[in-house]
Every structure is written in structure tokens, then in C-alpha cells.
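The values are calculated or read from the model by the stated rules, or taken from the named source; none is laboratory data. Owing to the predicted nature of the structure, the values given are computational and were not obtained by experimental measurement. So basically every Cβ, Gly included, is an ideal-geometry build from the backbone, and we count neighbours across all protein chains shown. Keep in mind that these areas ignore ligands, DNA and RNA; they rest on the heavy atoms of the full protein, side chains included. Shrake-Rupley method; radii C 1.70, N 1.55, O 1.52, S 1.80 Å.
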Amino acid sequence: MKLSRSILFTLLASVFSVANATPPEMRCQTDSYNNKTCQDNQGNNWFGRTDSSGNETWRNNKGDTLTGVRDSFGNITYRDNSGKIRGQEDSFGNKSWSGKNGKVIKGRTDSFGNTGYRDSSGNTIRCYKDSFGTETCN
């Protein structure tokens, strides 16, 4: 599963910044070239691209980069600018993220394609996709 879900951006915000109790709401769109653009309600922007092998590159408007490399089993590992592992996703849709603050976020995707996340403090994030393909996480 390519991580084209806007949850990535919510998680990226927590990976590259101080974690808030309530994550920002994100809205994302994908163009015909498979480029993704997301913006949160605080004005932060993320730009992403997936290559033909399923590898991903994400950059934000602050200069942070996150690169996801997919292996032959469909698992993907995300590393930040410094090469530190920040997230992993297996081929079953199970995800795990760690922020700079040491908090861990784990997520699962249900059979309807909705994703739910819980951090180590018990906070939850839920993502839903509408009929136009726009996904909202809050």
C-alpha cells in the first residue's frame, strides 16, 4: 500500500515538530502525475512523490525531508534528513512512527480503507476519505 493517505502528513508534522495534544487537520490532493500536496490548518505544506518502485519522497515548506524506501515484500521504511528511521509500514497496512520527542504512534487500516492511529499517550487520530478522494485526518 502506497502511503498516499493524508495521515502521513499529520504524522510528519509530529515527527518534525513538538507534539501537540491535538494534531492539525490535513487536506490532501493528488495530481495526474501522482504528486501529492497537503496543507494543514496551520498553513504547513507537504509535497510528496512516489516513484515506479513505490519509494516515496516528502518535503515540507520548512526544508524537512522524509524518504520512504519500499522492499520486495511491500514493507516501507521512512528516514528523515539525518538518516534516522522515523516510520515503518508493513504490507498489511500496520504502521509505526516515532517523533523527535520519543512518542510512538501506531496505526492500522481497516477493510474500508479508513485509518486509525494511537500514540503512546493514548491520543487517537482517525482518517476518512470522501467520494472525491480527499482524505481528512483529525
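Observations
- In the stretch 41-52, of all residues being touching a strand residue (DSSP E or B) at 6+ places or on another chain (Cβ under 9 Å) and modelled with pLDDT under 85, the one that is nearest to Trp97 (Cα to Cα) corresponds to Asn44.
- Residue count for the stretch 115-127 under the criterion of being open to solvent by 40 Å² or more (accessible area, probe 1.4 Å) and touching a strand residue (DSSP E or B) at 6+ places or on another chain (Cβ under 6 Å): the result is 4.
- Residue list for the stretch 35-50, filter: surrounded by 13 or more Cβ atoms within 10 Å (Cβ to Cβ) and without any contact (Cβ under 8 Å) to a residue 24 or more places away in the chain: Thr37, Gln39, Asn45, Phe47, Arg49
- Taken over the stretch 97-114, residues that are of a type in the set (Ser, Thr, Tyr) and either within 28 Å of Ser82 (Cα to Cα) or open to solvent by 60 Å² or more (accessible area, probe 1.4 Å) (or both) amount to 2.
- Flag if Cys38 is touching a Cys at 6+ places or on another chain (Cβ under 6 Å), within 17 Å of Glu135 (Cα to Cα), at pLDDT 85 or above and not basic (Lys, Arg): yes
- Scanning the stretch 128-138 for residues that are open to solvent by 60 Å² or more (accessible area, probe 1.4 Å) and part of a loop (DSSP other than H, G, I, E, B), we see that the one that is nearest to Asp40 (Cα to Cα) is Asn138.
- In the stretch 115-138, the residues that are within 24 Å of Asn81 (Cβ to Cβ) and free of Cβ contacts under 8 Å to residues at least 24 places away in the same chain: Ser120
- Cys28, sole failed condition from (1) in contact with a helix residue (DSSP H, G or I) (Cβ under 9 Å, 6 or more places away or on another chain); (2) surrounded by 12 or more Cβ atoms within 10 Å (Cβ to Cβ); (3) farther than 19 Å from Asn138 by Cα: (3)
- Within the stretch 51-90, the set of residues being open to solvent by less than 60 Å² (accessible area, probe 1.4 Å), of a type in the set (Gly, Ala, Ser) and in a loop (DSSP other than H, G, I, E, B) comprises Gly54, Gly63, Gly74, Gly83.
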